[in-house]
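A.B. asks: Before anything else, here's the structure in question.
Values quoted throughout were computed directly from the atomic coordinates according to the rules given, and no laboratory measurement underlies them. Note that the structure is predicted; figures quoted are calculated from it, not measured. Here the Cβ positions follow ideal geometry from the backbone for every residue, glycine too, while neighbour counts run over all protein chains shown.
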Amino acid sequence: MTGGPKASRRVICAALAGAAALSATLFPGAAALAGPADKLRDSLSRGRSAEISAPPIARFVAQDGRVFVLDRTQPAPMLKFEDSPEVWVLSPSPAPRGDVIYKNDLGEPMLRATRLGGVTLFSRQRPAGEPVSLAGGGVPLRLGGLSPQALSERMLQASVRSGRAARRQVVFEAEATPASAALIADAAMVVSLAFVRLAGRDRDALGQVDSVRFSEGRRPSASLADGVLTIVVSPGHGLAGRPSSDRVAKAIRTAD
């Protein structure tokens, strides 16, 4: 008799399991209706990271009115503000509560996505962050081809802009190939932005730079030695193959 209750419980459990299976067979829509809730519960229980709820290429507007495009169709997400020519290459990394922080090549946060669908933009003006909202679609952020003449013109423009910021002549030189021409042109523009930014904060640091040299390498980098600012680009990585203006500015400021 002592085995009776346990046996009864086993029979009841088996009956319930059979009823559930029969319900799923007779009423397949019931499983579909439960699916979203189940998936959400599973996602929260497994601690999955947040994702930005927007098209792969989308425009966002910040609380202060600044607009940017976020392109997530490439291996590295890319961000570009409408009021600046620079494209920022981002690296996603996990954050507390399952959020995701998108950082620049110095490891500084630029975006944060929450599991509830919120997106926060971090900037020099708003270091604590500000919410952004979806504003529509955008265009892909990619490099196009560039002729040798066009490269020379872009280099000259960047040299003149940098020289004005430094209040001295700054020569730009490049060892370019057809594969690296467009990337070097973009890198030259980025360097000139770094010069303009430093001119308003640390103009004395710009006095260390006599020339800027661009070359190809395996990994992008920026370094300053003996008056030469060396910028290494990696064409195989697209826009991710050159340093950002912040990285260039840091190389100038921290040079011995």
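A.B. asks: Which value in nm describes the separation of the simple spin-label points at Arg124 and Thr230, placed 7 Å from the Cα toward the beta carbon?
C.D. replies: Going by the 7 Å Cα→Cβ label model, 2.8 nm.
A.B. asks: Any idea what the dipole of segment 148-253 comes to, in debye rounded to 20, about its Cα centre with Lys/Arg Cβ at +1 and Asp/Glu Cβ at -1?
C.D. replies: 380 debye
A.B. asks: Based only on other Cβ atoms within 10 Å, what is the fewest-to-most ordering of Arg66, Arg124, Arg213?
C.D. replies: Ranking Arg66, Arg124, Arg213 by Cβ neighbours within 10 Å, fewest first, gives Arg124, Arg213, Arg66.
A.B. asks: Would you work out which of Thr114, Val67, Ala128 lies farthest towards the positive end of the dipole of segment 57-137? Charges go on Cβ: Lys and Arg +1, Asp and Glu -1.
C.D. replies: Positive-most Cα among the choices belongs to Thr114.
A.B. asks: Grab the beta carbon distance between Glu82 and Ser152, set R0 = 30 Å, and tell me the FRET efficiency rounded to 0.05.
C.D. replies: E(calc), rounded to 0.05, equals 0.60.
A.B. asks: Let me ask you something else. Report the Cα-based extents of segment 148-253 along its three principal axes, largest first, to the nearest Å.
C.D. replies: The Cα atoms of segment 148-253 stretch 35, 26, 22 Å along the principal axes, largest first.
A.B. asks: What do you get for Rg/Rh of segment 196-256 when both radii come from the Cα atoms and Rh is the Kirkwood radius?
C.D. replies: Ratio of gyration radius to Kirkwood radius: 0.99.
A.B. asks: OK, next. Find the all-direction average of the projected area of the Cα convex hull for segment 132-209, expressing the result in square nanometres with one decimal place.
C.D. replies: 7.2 nm²
A.B. asks: List, largest first, the extents of the alpha carbons of segment 57-199 along their principal axes, each in whole Å.
C.D. replies: Dimensions of segment 57-199 along the principal axes of its Cα atoms: 49, 32, 25 Å.
A.B. asks: For segment 57-137, just list the percent of Cα-Cα distances falling in each 10 Å bin from zero outward, please.
C.D. replies: Percent of pairs per bin, in order: 18, 58, 23, 0.
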